[in-house]
Amino acid sequence: MFQLIYLSNPATGLTRDGVRDIAVRSRRFNRERALTGVLVLSGETILQFLEGDEETVRALYKRILRDTRHVRCDMVMARHTRLRSFPGHPMGYCIADDGHACDLNRLLDGLKAYDIGAAEQMRLAG
């Protein structure tokens, strides 16, 4: 299992509805390729977490880099893991606005520090 997280900013003219449409359309695409993950829009920042076969995830990321609907696309994490973080979710979607504050830096720190193998060992031991 391979996981990749990137951050980007919506290009001029990309609305919240446009970002939601990306998430909705990606569900079928991801389901057909056994990909899972989540797309979060927080202010002017997009965070996307992708997971699946490494070759498939990396190919999708290359495609995403060419997408003109967003700018400043930066990979912030890429790693191998034993289990999915978003099983059964071909593309979750969340808007973090004033009513649903989301500190993306704290979220990223948590995801980077999270060791699914250690968590699984603790669950099995407990």
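The values are calculated or read from the model by the stated rules, or taken from the named source; none is laboratory data. Note that the coordinates shown come from a computational prediction; the quantities given were computed from them, not determined experimentally. Using ideal geometry, Cβ is built from the backbone for each residue, glycine included, and neighbour counts are taken over all protein chains shown.
Give the residue that is surrounded by the most Cβ atoms within 10 Å (Cβ to Cβ), with candidates limited to residues of region 21-75 that are in a helix (DSSP H, G or I) and touching a Cys at 6+ places or on another chain (Cβ under 8 Å).
Among them, the one singled out is Ile64.
For residues that are of a type in the set (S, T, N, Q) and out of contact with any Pro (no Cβ under 9 Å at 6 or more places or on another chain), scanning just region 34-71, find the one that is modelled with the lowest pLDDT.
The qualifying residue modelled with the lowest pLDDT is Ser42.
Residue under question is Ala23, and the condition is that it be among the small types (Gly, Ala, Ser), farther than 19 Å from Ala96 by Cα and within 15 Å of the chain's Cα centre (by Cα); does it hold?
Criteria not met by Ala23.
Check off (1) touching a residue at least 60 places away in the same chain (Cβ under 8 Å); (2) outside any helix (DSSP H, G or I); (3) surrounded by fewer than 14 Cβ atoms within 10 Å (Cβ to Cβ) for Gly88 and give me the number that stays unchecked.
(1)
Among (1) touching a helix residue (DSSP H, G or I) at 6+ places or on another chain (Cβ under 9 Å); (2) not in a strand (DSSP E or B), where does Ile95 come up short?
(2)
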